[in-house]
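A.B. asks: One structure, pasted below without further comment.
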Amino acid sequence: MCRSIKTLRPPVLPEDATEEDIRAAALQFVRKVSGFRAPAAHNREVFDRAVDEIAASTARLLDGLEVRGGVRTP
């Protein structure tokens with residue numbers, strides 16, 4: 001499992017992050033935190049709900065950020 005989630009804001013990402021980018025980051029986060037690459041059937045609902053909630057929070061975060069100044073690299 002990957003240790004890092006890529007930065008989704010400019011200037012690292014030259015264009016706005018897509019819904020697909022945001023969802024992929026949320027999925028990676030939930031996988032890392034839960035320790036499951038894919039949940040068992042009895043955990044699927046809570047796993048998917050967590051991905052949805054984190055994706056929505058991430059989208060709100062990115063929409064609200066104001067990036068100023070010079071270019072920083074990760």
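A.B. asks: List pairs: first residue in segment 36-59 and closer than 14 Å to ALA24 by Cα and basic (Lys, Arg), second residue open to solvent by 50 Å² or more (accessible area, probe 1.4 Å) and not in a loop (DSSP other than H, G, I, E, B) anywhere in the structure, Cβ distance under 9 angstrom, at least six positions apart or on different chains.
C.D. replies: Close Cβ pairs satisfying both conditions: ARG37/ARG31.
A.B. asks: Can you name the number of the only condition in (1) surrounded by 14 or more Cβ atoms within 10 Å (Cβ to Cβ); (2) over 15 Å from the mean Cα position of the chain (by Cα) that VAL46 fails?
C.D. replies: (1)
Matching residues to (1) of a type in the set (A, V, I, L, M, F, W, C); (2) surrounded by 12 or more Cβ atoms within 10 Å (Cβ to Cβ); (3) modelled with pLDDT of 95 or more:
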site	(1), (2), (3)
ILE5	yes, yes, no
ALA17	yes, yes, no
ALA38	yes, no, no
ILE54	yes, yes, yes
GLY64	no, no, no
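A.B. asks: I'm trying to understand the selection: among the residues of segment 12-35, which are touching a residue at least 24 places away in the same chain (Cβ under 8 Å) and part of a helix (DSSP H, G or I)?
C.D. replies: Hits for segment 12-35 are GLU19, ILE22, ARG23, ALA25, ALA26, LEU27, GLN28, PHE29, VAL30, ARG31, LYS32.
The values are calculated or read from the model by the stated rules, or taken from the named source; none is laboratory data. Not measured: the values here are computed from a predicted model. Because the Cβ atoms are built from the backbone with ideal geometry, glycine has one as well, and the counts that use them run over all protein chains shown. To get the accessible areas, we keep the full protein, side chains included, count just its heavy atoms, and leave off ligands, DNA and RNA. Shrake-Rupley method; radii C 1.70, N 1.55, O 1.52, S 1.80 Å.
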